[in-house]
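> Sharing a structure here in structure tokens format.
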Amino acid sequence: MTAMVPAIYFDGRSTHATRVDAWRDGDTLRWRGADGTQEWSAPWITIEPSARVTGVPFTLHVRDGGHLQIDHDALPADWFPRHHLIERVVDRLERRWTVALAGIAVVVASLFVLFEFGLPWAADRVSAHLPRAVEQAMGKQSLDALEGRLLMPTALPAERQSHLQAVFRHFVGGMPGVPGVRLAFYGSKALGANAFALPGGTIVFTDALAEAVPDDDAFIAVMAHELGHQANHHMLRQVLRSSGVLIVASMLMGDVTSMGGVAAGIPMFLVDSHYSRGFEEDADRFAFRALASQGIDPEAFVHAMQALERAHPELKGQELRYASSHPLTDERIARAHEASLQFRAAKATADARAGR
Ligand SMILES: [Zn+2]
């Protein structure tokens, strides 16, 4: 005979509860009244044990609708060992509220990972695999939405425009592997001195920025930076990242109809947001390399930004949008200087070789 287990017996016919002691006797479960006057038994295999739930008495259903209630912690571990392995695991977990807290933490962490990494990852995947024609349609759609609202016809003299266009074409012509890009000038009070690369290849340059750049090299430095955004699909990626899980997911599934939502997000991005720090660093690196490869000192980018600030000291906020959406941090200036030093060193070496 194994250990006695205190239990409460309901016979299934009345609501009367009888205090009993239960024990296992081979293939039989036996229980008797605490006063010893009555005894019952049931074949072990006919007993239906309830699931174990922490804090809830364990129930053994026996024939004729009767059942025994045993305190959750009093049930011998070997009574129904084969039964509900998962239950036992769950039971053990339920007993530990630290595990419950950890469960909540895992859910919160999963959501964080989804938004912090999953969404950018999916957005980048969509951007990288979007057919060029779709990207171009998206760029055109957003340009149509901008024209007449944020973007007005340019007031730059035709001569200045064609000069800058020629400088730009010459620069891009020296960069193999750059897909079709075009430069478009616009006047914009709302966007101020600004430049941005739309999906599909259009780089918008505002009159205010064209007037602020001190020389062709500074102009090209800004363009090179924008080409960096262009080459890495930054506009599309940034807008997708901020457009939420649903749009990104549907585009990931190949549903291009959500493209309209993305195109509509671009004007909002231009007015309200700026690129992530990582994107700016990527575009800077791209620009420094592109400039150096064509014999232009990367210091030109710093000149452009500084000239922009000098040219409009009275203008805060909007007019300095290029500076504010492309924050000119000390770090970025330092990197530009570093790229410039490398460029000069390489140039000096090349000049020395050529002179020999
Ligand atoms: Zn930028």
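> For the condition open to solvent by 50 Å² or more (accessible area, probe 1.4 Å), more than 26 Å from residue 296 (Cβ to Cβ) and not aromatic (Phe, Trp, Tyr), what is the one hit in 125, 160, 182, 169?
Criteria check complete, one pass: 125.
> State yes or no: is residue 328 away from the ligand (no atom under 15 Å from the Cβ) and at pLDDT below 80?
no
> Note down all Cβ pairs under 8 Å where the first residue falls in region 269-287 and is at pLDDT below 90, the second is open to solvent by less than 50 Å² (accessible area, probe 1.4 Å) and away from the ligand (no atom under 12 Å from the Cβ), and they're at least six residues apart or on different chains.
Here the result reads 269/239; 270/146; 270/150; 270/191; 271/150; 271/190; 271/191; 279/237, each pair linking region 269-287 to a residue that is open to solvent by less than 50 Å² (accessible area, probe 1.4 Å) and away from the ligand (no atom under 12 Å from the Cβ).
Yes or no, residue by residue, for (1) modelled with pLDDT under 90; (2) in contact with a Lys or Arg (Cβ under 9 Å, 6 or more places away or on another chain); (3) not assigned by TED's automatic domain parsing to the domain that holds residue 305:
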{"site": "115", "(1), (2), (3)": "yes, no, no"}
{"site": "119", "(1), (2), (3)": "yes, yes, no"}
{"site": "134", "(1), (2), (3)": "yes, no, no"}
{"site": "151", "(1), (2), (3)": "no, no, no"}
{"site": "163", "(1), (2), (3)": "no, no, no"}
{"site": "171", "(1), (2), (3)": "no, no, no"}
{"site": "186", "(1), (2), (3)": "no, no, no"}
{"site": "190", "(1), (2), (3)": "yes, yes, no"}
{"site": "203", "(1), (2), (3)": "no, yes, no"}
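> Does region 154-173 include one or more residues that are closer than 23 Å to residue 271 by Cβ and out of contact with any helix residue (DSSP H, G or I) (no Cβ under 8 Å at 6 or more places or on another chain)?
Within region 154-173, none of the residues are closer than 23 Å to residue 271 by Cβ and out of contact with any helix residue (DSSP H, G or I) (no Cβ under 8 Å at 6 or more places or on another chain).
> Something else now. Collect the residues in region 1-30 that are among the small types (Gly, Ala, Ser) and either farther than 15 Å from residue 74 by Cα or surrounded by 16 or more Cβ atoms within 10 Å (Cβ to Cβ) (or both), keeping them in residue-number order.
7, 12, 14, 17, 22, 26
> While we're here: Can you find even one residue in region 210-220 that is of a type in the set (A, V, I, L, M), within 14 Å of the ligand (Cβ to nearest atom) and modelled with pLDDT of 85 or more? Break it down into steps so the answer makes sense when it comes.
Taking region 210-220 first, the residues of a type in the set (A, V, I, L, M) are 210, 212-213, 218, 220.
From what is left, the residues that are within 14 Å of the ligand (Cβ to nearest atom) are none.
Within region 210-220 (the criterion being of a type in the set (A, V, I, L, M), within 14 Å of the ligand (Cβ to nearest atom) and modelled with pLDDT of 85 or more), the answer is no, since none of the residues qualifies.
The values are calculated or read from the model by the stated rules, or taken from the named source; none is laboratory data. In this text, all values refer to a predicted model and were calculated from it rather than measured experimentally. For neighbour counting, all protein chains shown are included, and Cβ atoms are generated from backbone atoms with ideal geometry for every residue, glycine included. Remember, those area values only see protein heavy atoms, side chains included, never the ligands or the DNA or RNA. Shrake-Rupley method; radii C 1.70, N 1.55, O 1.52, S 1.80 Å.
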